[in-house]
Amino acid sequence: MSGSSASAHVREITVAHSPDSDDAFMFYGLATNKVRVPGLKFTHTLTDIETLNRKALEGFYDVTAISFHAYPYLQDKYALMPSGGSVGEGYGPMIVSPKKFTPDEVKQVKIAVPGTLTTAYLALKLFAPQIETEVVPFDQIIPAVLEGKYEAGLIIHEGQLTYSRSGLHKVLDMGRWWRDLTGLPLPLGGNAIKRSLGPELMQNVCVALRNSIQYALDNRAEALEYAMQFARDLDVQSADKFVGMYVNERTLDYGADGREAIRKLLDLGYERGIIQIKPNVDFVD
């Protein structure tokens, strides 16, 4: 077969995820062609999670990382992939402040949040429905709090490991709060795939992602070296810890309790009026 006719049969799959070390680690196998799928070519776009949530509302990418909070708004266009989730096992986004607020006291201050479609925001509103918030890009929240623009901030990603360096105090860990409330892990983000690809292609891409995660877990040192280019302000040891928090066996498979946690989180959000569309959690299986 000639080169031109071979390439005619290659289907491009557009993949988008956030530019942080855990997502980079997860997609390492696919991004570096260590994991290949005959007939498929994966192209990667990296941008922040709130932008990905908004793009997913338009059905922009074939495969995209999303916040679970956003899923009800795009469930008609996307199904959830059975692997690729970032799940906090009693840890997750945190409210931090220069002041030693109690959890009740912090409900009275304006909090900088990384986006209203993030799961961090959903958890915050479940914790404190009346709380006043303002959206700030996730990587500018800690600086904005340190400058005194906000009395507290809701931090995600690597900030969960670095906030204390800046002299900030942890007021509340939303993952721990959620576990105390429900006994379940806190599902933060997952990967979604466009329904318009059709069942067979959706299944093939889901297998490819799972293989990419497995490859990274099996080849941790090289995958971590690749992920370090996205590990904002983290040394290798901290990046390894952060990746371990969010890429693990639970990332390969949510497990029954992980899936239950997604449904519980979204159903609660809907019941409390934070989510406007009734959730219908649907996995490619």
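The values are calculated or read from the model by the stated rules, or taken from the named source; none is laboratory data. These numbers come from a predicted model, not from an experiment. Cβ: placed from backbone, ideal geometry, glycine included. Neighbour counts: every protein chain shown. When the accessible area is computed, the model is the full protein with side chains, heavy atoms only, and any ligands, DNA or RNA have been set aside. Shrake-Rupley method; radii C 1.70, N 1.55, O 1.52, S 1.80 Å.
Tabulated data for the structure shown
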read-out: Qualifying residue in the stretch 186-205 (condition: under 22 Å from Phe283 (Cα atoms), at pLDDT 95 or above, in contact with a helix residue (DSSP H, G or I) (Cβ under 7 Å, 6 or more places away or on another chain) and open to solvent by 50 Å² or more (accessible area, probe 1.4 Å)); value: no
read-out: Subset of the stretch 240-280 (residues that are within 16 Å of the chain's Cα centre (by Cα) and open to solvent by less than 20 Å² (accessible area, probe 1.4 Å)); value: Phe242, Val243, Tyr246, Val247, Thr251, Leu252, Tyr254, Gly258, Ala261, Ile262, Leu265, Leu266
read-out: Unmet requirement for Leu117, which otherwise passes all of (1) within 30 Å of Leu80 (Cα to Cα); (2) assigned to a helix (DSSP H, G or I); value: (2)
read-out: Residues of the stretch 206-220 satisfying the condition of being under 22 Å from Gly244 (Cβ atoms), open to solvent by 50 Å² or more (accessible area, probe 1.4 Å) and not charged (D, E, K, R); value: Asn211, Gln214, Tyr215
read-out: Residues of the stretch 223-234 satisfying the condition of being open to solvent by 60 Å² or more (accessible area, probe 1.4 Å) and either small (Gly, Ala, Ser) or free of Cβ contacts under 8 Å to residues at least 24 places away in the same chain (or both); value: Glu225
read-out: Among the residues listed as Arg165, Arg220, the single one being free of Cβ contacts under 8 Å to residues at least 24 places away in the same chain, more than 30 Å from Thr116 (Cβ to Cβ), out of contact with any Pro (no Cβ under 9 Å at 6 or more places or on another chain) and of a type in the set (Lys, Arg); value: Arg220
read-out: Single residue of Leu30, Leu57, Leu40, Leu46 found to be of a type outside the set (Asp, Glu) and either buried (at least 19 other Cβ atoms within 10 Å of the Cβ) or under 11 Å from the mean Cα position of the chain (by Cα) (or both); value: Leu30
read-out: Test: residue in the stretch 143-151 that is among the β-branched types (Val, Ile, Thr), open to solvent by 40 Å² or more (accessible area, probe 1.4 Å) and in a helix (DSSP H, G or I); value: no
read-out: Scan of the stretch 245-285 for residues that are of a type in the set (Asp, Glu) and outside any helix (DSSP H, G or I), ordered by number; value: Asp253, Asp282, Asp285
read-out: Any hit, the stretch 235-250, residues being of a type in the set (Gly, Ala, Ser), within 15 Å of Leu188 (Cβ to Cβ) and touching a residue at least 60 places away in the same chain (Cβ under 8 Å); value: no
read-out: Residue in the stretch 224-244 that is in a helix (DSSP H, G or I), within 20 Å of Asp139 (Cβ to Cβ), touching a Pro at 6+ places or on another chain (Cβ under 8 Å) and of a type outside the set (D, E, K, R) present; value: yes
read-out: All positions within the stretch 87-109 that are open to solvent by 20 Å² or more (accessible area, probe 1.4 Å) and not hydroxyl-bearing (Ser, Thr, Tyr); value: Glu89, Pro98, Lys99, Lys100, Phe101, Pro103, Asp104, Glu105, Lys107, Gln108
read-out: Cβ-Cβ under 8 Å pairs, at least 6 apart or on other chains, the stretch 132-150 side within 15 Å of Asp233 (Cβ to Cβ), far side in a helix (DSSP H, G or I) and open to solvent by 30 Å² or more (accessible area, probe 1.4 Å); value: Ile142/Tyr163; Ile142/Ser166; Leu146/Ser166
read-out: Count of residues meeting criterion [of a type in the set (A, V, I, L, M, F, W, C) and either open to solvent by 70 Å² or more (accessible area, probe 1.4 Å) or closer than 17 Å to Trp177 by Cβ (or both)] in the stretch 110-142; value: 11
read-out: Restricting the stretch 21-70 to residues that are closer than 25 Å to Leu161 by Cα and aromatic (Phe, Trp, Tyr), the residue that is modelled with the highest pLDDT; value: Phe68
read-out: Any chance Ser18 is loosely packed, with under 15 Cβ neighbours inside 10 Å and modelled with pLDDT under 95; value: no
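Table: residues versus (1) under 30 Å from Arg210 (Cβ atoms); (2) touching a residue at least 12 places away in the same chain (Cβ under 8 Å); (3) of a type outside the set (Ser, Thr, Tyr).
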position	(1), (2), (3)
Lys77	yes, yes, yes
Leu80	yes, yes, yes
Val87	yes, yes, yes
Gly90	yes, yes, yes
Met94	yes, yes, yes
Lys99	no, yes, yes
Asp104	no, no, yes
Ile111	no, yes, yes
Gly115	yes, yes, yes
